[in-house]
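K.L.:
I'd like to ask some things about the structure below.
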């Protein structure tokens, strides 16, 4: 059982790295301090998709990390 969780943990780790690298730059930088025109436009559908996938994978990663920490 623990071996299967370790394999899933590694898959989640590499997929989390990949999803984060696929996300585009936000492009705000120092322009966010004074206000940016981009703030008034909604996020693109691709950005919301990657944000949701990143959140789901990161929660699963934390759950497997917690399981591996406390499982003996």
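K.L.:
At 0.36 nm per residue, minus the direct Cα-Cα distance, what do residue 58 and residue 8 gain on full extension? Give it in nm, one decimal, please.
P.N.:
Value of the extension gain: 16.7 nm.
K.L.:
Along Cα→Cβ, 7 Å out, is where each label goes; now give me the distance between the ones at residue 15 and residue 70 in nm to one decimal.
P.N.:
2.3 nm
Bear in mind these aren't lab numbers, they're just calculated from the coordinates by the rules spelled out. For clarity, every value in this text was computed on a predicted model and none was experimentally measured. As a convention, Cβ positions derive from the backbone with ideal geometry for all residues, glycine included, and neighbour counts pool all protein chains shown.
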